[in-house]
Amino acid sequence: MRGRTFGAGLIAVGLGLAACSSGSSGGSASGGGTTTIKVAYQQFGEGKVMANFLTSVKTQFEAANPGKKIELLPIVASENDYYTKLALMLRSPRTTPDLVYEDTFLINSDIQAGYLKPLDDYLASWADWSQFAATAKGAAKGTDGKTYGVPDGTDTRGLWYNKAVFAKAGLPAEWQPKTWDDVLTAARAIKTKVPDAVPLNDYASKAAGEGTSMQGFEMLLYGTANQLYDASSQKWVVGSKGFLDSLNFIKTVYGEKLGPSPQDATDAALGNKVTQEWFPANKIGIALDGSWLPNTWQPTGAKPWPQWATALGQAAMPTQTGQAPGKVSLSGGWTWAIASKSPNADLAWKFIQALQTPANAAKYAVEGTQIAVRSDVAGDATYTTANAKTPVFTDVVSVTKYRPAYPEYPKISNQIQVAAESVMTGQETPEQAQKAYDDAVKGIVGNDKTTTQ
Amino acid sequence: MKQAAGRGAPLVPATVLLLVFLFGPILWSIYAAFTNTSLSGAGAAHSQFVGFANFTKAFTSNGFLNSVLLTLFFTLVSAVIGQNALGLSLALWMRRAVAPVRAFGGAVVIGAWVLPEVVAGYLWYAFLAKDGSLNAVLERVGLHPQDWLFSLPILAVSIANIWRGTAFSMLVYTAALSDIPQEIEEAAEVDGATGRQRLFHITLPMIRSSIMTNLMLITLQTLSVFGLIFTMTRGGPGTKSQTLPLYMYEQAFSFGDLGYGTAIAIMLLVVGSVFSLLYLRMLAPETT
């Protein structure tokens, strides 16, 4: 009895262990031969902009290339889960997609992991490549100097505000805060006068993934005197005042209940709620978010809302105390990359070219409300018309900054999310959260690669 | 000898399968726990042997220590105390109850146990959520709404686990109690023993081995609870309900650190073994 029960216990624990450790990704589409290209991209919630765009290009491509097939593999997952599932698929030749949609912040990590194929040979003979802006070309460059992805657009970040909510709160219809305090003051006015609206959304949960790191936190940090990474010494910054101040901003927002309720704030679908439910229903005042939000409100989007351009105002995110240059923005963007284990790289490249014909590139830039990275798209009439509706987000291109997209960045980004959520929930003080972040960063990059600036 | 080998032959395929699919992953886990293997970045291309680095990292990390404490709390409150005591009480009560009550009570309790983990987790989420049914009831009777999923998440998931797991203990104890000869209890009653005395001097000592076996099984089950907590709170808010399995999942799959995640798994295995050994010591009969 004794031995048997003990053995059973061990086996039970062992089974749990085995179940947790063997990462099977499943869903490997067998067969298909050499003429099917599998295209992996993220799809979460109602948003179908990418799916619609890819379907239209797929139809063109299959008509132009008889016998070749495009298989779309939407990975239905929230932000962080998407990267996890993608990484699991890319690990094995039996499950790998041929073409993957990679966020620029992750691409260096995946390059280092050996998941992606360098595209230099293809790019050398591709005339359109000269249309791409230099920053965009650099976005998908590995530390080895090779290029691994073709960017399909970039973005900027700033403040969206709902004019109806502002009117009720007695705030001006044309609003441009000069400091963080101005933003908080407006949020407090909304909290008092429009109690049924969320005053201000600032992403601060682990579930929002990179949205928390970039929109929620780095948009604050890069408006202080500090940054994440010191380019001159090539070290990661720890213990900075700007980092602490940014966490204190989050503490103020959630401590004073100026943000979404705890349940909404930690929900992975918060982004969808902000765009699909709250903005159209005048249930939110201000959102610190991305230039791409209107893609939700396009006729092809998840929540068509043609009035958005007049119902919503746009403002640049101010620096902490209004110090020069007065406003801050960050840019990221996504790229198309070819999996290194793909057996059909040449055909996958042909599909990238199809995605990036001048007409298709402009189509996606408009439907996805992207900031163009190609000079021919930037001059396209439909693009310039659409773009004119987001003047502030186009204007901040002049001050926008990029993340330190080194291979370690995704891990550091995770730690930012941990710090932000622990402050948002009140579990840790900003000081404690900063200390935990600093320790974690030292563990990730090594003590000698950090600086207190 | 030859004959014995021949007789064992049919077992070979099963043994091989067991070794490959059960011990293979465990061995891989043990190996991975000593490497920096990860989902992306350098550890994905060329994982390296890093010695005990993952274990040192765990023992110096607040996140890990927080998870260990939460796991112990969750296990003690929901399994050792909650499921165990409630299961025993129910079994004792049902022994006395009339048949229809027994049938009904049993069906309700076992119903909770039969529900899949995720469904149970979702039911509790819907019950305790901000707009959930509990708050609707509280508001109707004029009480303040609760927000346990946010303010006391570890207690909320513990209660859900008690609700879900009590049936198992109840079944074990019902079986054990039915083995106690009626005459012994009657004899004690005739001798003037009160109900309390009968419970502590007759009933409990006689089902002692069942108590220990039950404790061991529910402890091991509870240590590895994942789906229930993941559905209800995802380990949050922050890390306020992040028990070891959730911590392990976050490190391995959200943060891509497979090596560290498997090191946590090994330590979870050790915690489980420690509990098992403890119970085995306590189970050892005082006299044969």
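The values are calculated or read from the model by the stated rules, or taken from the named source; none is laboratory data. Note that this is a predicted model, so its numbers are computed, not measured. Cβ sites come from the backbone with ideal geometry, for glycine too, and all protein chains shown count toward neighbours. Side chains are part of the model used for accessible areas, which takes the heavy atoms of the whole protein and leaves out ligands, DNA and RNA. Shrake-Rupley method; radii C 1.70, N 1.55, O 1.52, S 1.80 Å.
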- prompt: Can you list the helices (runs of 4 or more DSSP H) found entirely within segment A:360-445 that contain at least 1 residues being in contact (Cβ under 8 Å) with a residue 24 or more places away in the chain?
  reply: A:375-378, A:391-395, A:409-424, A:430-445
statement: Here the residues within segment A:273-285 that are open to solvent by 40 Å² or more (accessible area, probe 1.4 Å) and touching a residue at least 40 places away in the same chain (Cβ under 8 Å) are A:N282, A:K283
statement: When every residue in segment A:212-231 that is farther than 15 Å from A:K251 by Cβ and open to solvent by less than 10 Å² (accessible area, probe 1.4 Å) is compared, the one nearest to the other protein chains (Cβ to nearest Cβ) is A:S213
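Rundown of residues vs (1) outside any helix (DSSP H, G or I); (2) outside the structural domain of A:V49 (by TED's automatic domain parsing); (3) open to solvent by less than 20 Å² (accessible area, probe 1.4 Å); (4) aliphatic (A, V, I, L, M), yes/no style:
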site: A:N295; (1), (2), (3), (4): no, yes, no, no
site: A:T300; (1), (2), (3), (4): yes, yes, no, no
site: A:P304; (1), (2), (3), (4): yes, yes, no, no
site: A:T310; (1), (2), (3), (4): no, yes, no, no
site: A:I338; (1), (2), (3), (4): yes, no, yes, yes
site: A:K341; (1), (2), (3), (4): yes, no, no, no
site: A:A348; (1), (2), (3), (4): no, no, yes, yes
site: A:Q353; (1), (2), (3), (4): no, no, no, no
task: Name every residue in segment A:358-368 that is at pLDDT 90 or above and either β-branched (V, I, T) or open to solvent by less than 30 Å² (accessible area, probe 1.4 Å) (or both), in order of residue number.
output: A:N360, A:A361, A:A362, A:Y364, A:A365, A:V366
- prompt: Residues in segment A:62-80: is at least one closer than 27 Å to B:E250 by Cβ and part of a helix (DSSP H, G or I)?
  reply: yes
- prompt: Among the residues of segment B:88-137 satisfying the criterion of being within 14 Å of chain A (Cβ to nearest Cβ) and among the charged types (D, E, K, R), which is farthest from B:S151 (Cα to Cα)?
  reply: B:E117
- prompt: Would a scan of segment A:105-127 turn up a residue that is closer than 24 Å to A:T275 by Cβ, at pLDDT below 95 and either within 24 Å of the chain's Cα centre (by Cα) or open to solvent by 10 Å² or more (accessible area, probe 1.4 Å) (or both)?
  reply: yes
query: Quick check: anything in segment A:23-31 modelled with pLDDT under 90, surrounded by fewer than 17 Cβ atoms within 10 Å (Cβ to Cβ), within 14 Å of chain B (Cβ to nearest Cβ) and within 17 Å of the chain's Cα centre (by Cα)?
result: no
task: Please work out if B:T233 is within 11 Å of chain A (Cβ to nearest Cβ), of a type in the set (S, T, N, Q) and in contact with a helix residue (DSSP H, G or I) (Cβ under 9 Å, 6 or more places away or on another chain).
output: yes
query: Across segment B:64-74, what is the total count of residues that are touching a residue at least 60 places away in the same chain (Cβ under 8 Å) and surrounded by fewer than 17 Cβ atoms within 10 Å (Cβ to Cβ)?
result: 1
Pair list, Cβ < 8 Å and 6+ apart or interchain, from segment A:243-269 residues that are facing chain B (nearest Cβ under 10 Å) to residues that are open to solvent by less than 30 Å² (accessible area, probe 1.4 Å) and among the acidic types (D, E): A:T266/A:E421
- line: Scanning segment B:107-124 residue by residue, the ones that are farther than 12 Å from B:G227 by Cα and surrounded by 18 or more Cβ atoms within 10 Å (Cβ to Cβ) total 3
- prompt: Quick check, is B:G261 under 19 Å from the mean Cα position of the chain (by Cα) and either farther than 21 Å from B:L149 by Cα or modelled with pLDDT under 90 (or both)?
  reply: no
task: Would you check if there is a residue in segment B:173-192 being of a type in the set (A, V, I, L, M, F, W, C), within 30 Å of the chain's Cα centre (by Cα) and open to solvent by 60 Å² or more (accessible area, probe 1.4 Å)?
output: no
- request: With respect to A:T96, determine if the residue is over 15 Å from A:T147 (Cα atoms) and either buried (at least 19 other Cβ atoms within 10 Å of the Cβ) or charged (D, E, K, R) (or both).
  value: yes
